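The block underneath contains the structure these notes are about, expressed in structure tokens.
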Amino acid sequence: PGRPRSGADAMPLISVVIATYKRPEQLLRALQSVLSQTHAELDIIVVVERDDPASQAVAQAHPDPRVRCIVNPVKAGPGPARDAGVEQARGSYIAFLDDDDEWRPHKLERQLALADDRTIVTAMTDVVTPAGIFARPVAPYDGSLPIDEWLFDRPSWLRSREPMLQTSSLFAPAGLFRVLRFGSVRHEEWELIIRAVKQHGYRVATVPETLIVYYSGGSYPWRTSLQWAESVRDLVSPTALAGFCLNVATQGLKQQRNRAFAHMLVAAFRLGRPAPRHLIAFFLMWMLPDGPRERLRIAMIGTGRRGQ
């Protein structure tokens, strides 16, 4: 890896923001993946909630001088934590890493090669699940569709482009965050990117390599997903809203499953414009448990693994 600039006042080209909460071991892994980057001109800001002394200790005791620790006085969630990190960032570009994910060594170098002051750069992600490891998105965003429809409107269940736009892949000019923030909403990274592209004219470019490792396993509470869909009716198209309600917010549901599916079906017709493909995928997800369904999908479309 290259050497960082010397001198306490040297301005880094890239700031990395890691929001963390009570995952000190994963945080250490995430930090190591940042410090192993081939592009070393970095400013690394770890934002920790005040009631997490173990993670504070990991960040504050780290020997690398590029690592700074900010303690949030009030626990407000990952969006406000990232915003707090952005306020302290000194780089011309800002990249985000969730504390339970990691980067491959060339991630920032590859993204910097595509960067400018109007482009949000992402990269392919290896998604690690109990059913296997597979690369997403299968077909990166190319601007031929509105960004919200690319994210949420699947053309089919078994042969889709498998979109994915996740925080740990985002690399953006610092100027973007003078006009937009993550905030405390659910699905904050999706809303920020949709607003950046549809309302502020930013572009999205994707490095065609798997440069992020994302450890799947969590799920969004379905009620907050439904509230988010209600809140973005003026931003997201009816087709995309239907796809979100039927094929995105319904994934990974475990608690109140039947009730959640029923509410999402009603919301799709109330908020959006469902197509037959949305309904077919929805009923398949309703009938098949997550594990068998994901294994079937992988068997049909493959892992989609690409070069690292």
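The values are calculated or read from the model by the stated rules, or taken from the named source; none is laboratory data. Every value quoted in this text rests on a predicted model; they were computed, and no experiment measured them. No Cβ is skipped: glycine too gets one built from the backbone with ideal geometry, and neighbour counts run over all protein chains shown. Just so you know, the surface numbers come from the protein's heavy atoms only, side chains and all, with ligands and any DNA or RNA stripped out. Shrake-Rupley method; radii C 1.70, N 1.55, O 1.52, S 1.80 Å.
Our summary gives the chain a relative contact order of 19 percent, counting only alpha carbon pairs under 8 angstrom and 6 or more residues apart.
Here the extension length gained between Ala262 and Gln88 equals 58.3 nm, from 0.36 nm per residue of separation less the Cα-Cα distance. Charges were assigned to the Cβ only: +1 to each Lys and Arg, -1 to each Asp and Glu. The resulting dipole of the range 113-182 about its Cα centre is roughly 120 debye. Can you tell me what percent of all Cα-Cα pairs in the range 122-255 are more than 23 Å apart? Everything past 23 Å amounts to 32 percent. Using the empirical formula 2.2 N^0.38 Å as the baseline, the Cα radius of gyration of the range 29-179 reaches a ratio of 1.13. Among the protein heavy atoms of the range 58-113, carbon and sulfur supply 51% of the accessible surface, probe 1.4 Å, non-protein parts ignored. Loop-located trypsin sites (Lys or Arg not before Pro) in the range 1-101 (DSSP state not H, G, I, E or B) with no more than 15 neighbouring Cβ atoms inside 10 Å: Arg5, Lys22, Arg50, Lys75.
Accessible surface area normalised per residue over the range 15-155 is 38 Å², counting heavy atoms of protein chains with a 1.4 Å rolling probe.
The count of lysine pairs in the chain whose Cα atoms are under 30 Å apart, excluding pairs fewer than 8 places apart on the same chain, comes to 6. Using a Förster radius of 30 Å, what is the FRET efficiency between Gln227 and Gln32 based on their Cβ-Cβ separation? Nearest 0.05, please. Step by step, r from the Cβ atoms, then E = 0.25.
For Ala135, the amide hydrogen comes within under 5 Å of the amide hydrogens of Val127, Gly304, Arg305, counting only partners 5 or more places away or on other chains and with H modelled in the peptide plane.
How much of the DSSP beta bridge set in the chain is antiparallel, as a percent to the nearest 5? The antiparallel proportion sits near 30 percent.
Put simply, the amide H of Val16, placed in the peptide plane, has neighbours under 5 Å in Asp43, Ile44, Ile45, Ala95, leaving out anything fewer than 5 places away on its chain.
For the chain, the extents of the C-alpha atoms along the principal axes are 60, 39, 37 Å, listed from largest to smallest. Note on Phe283 and Arg203: the extension gain reaches 25.4 nm, defined as 0.36 nm multiplied by sequence separation minus the Cα-Cα distance.
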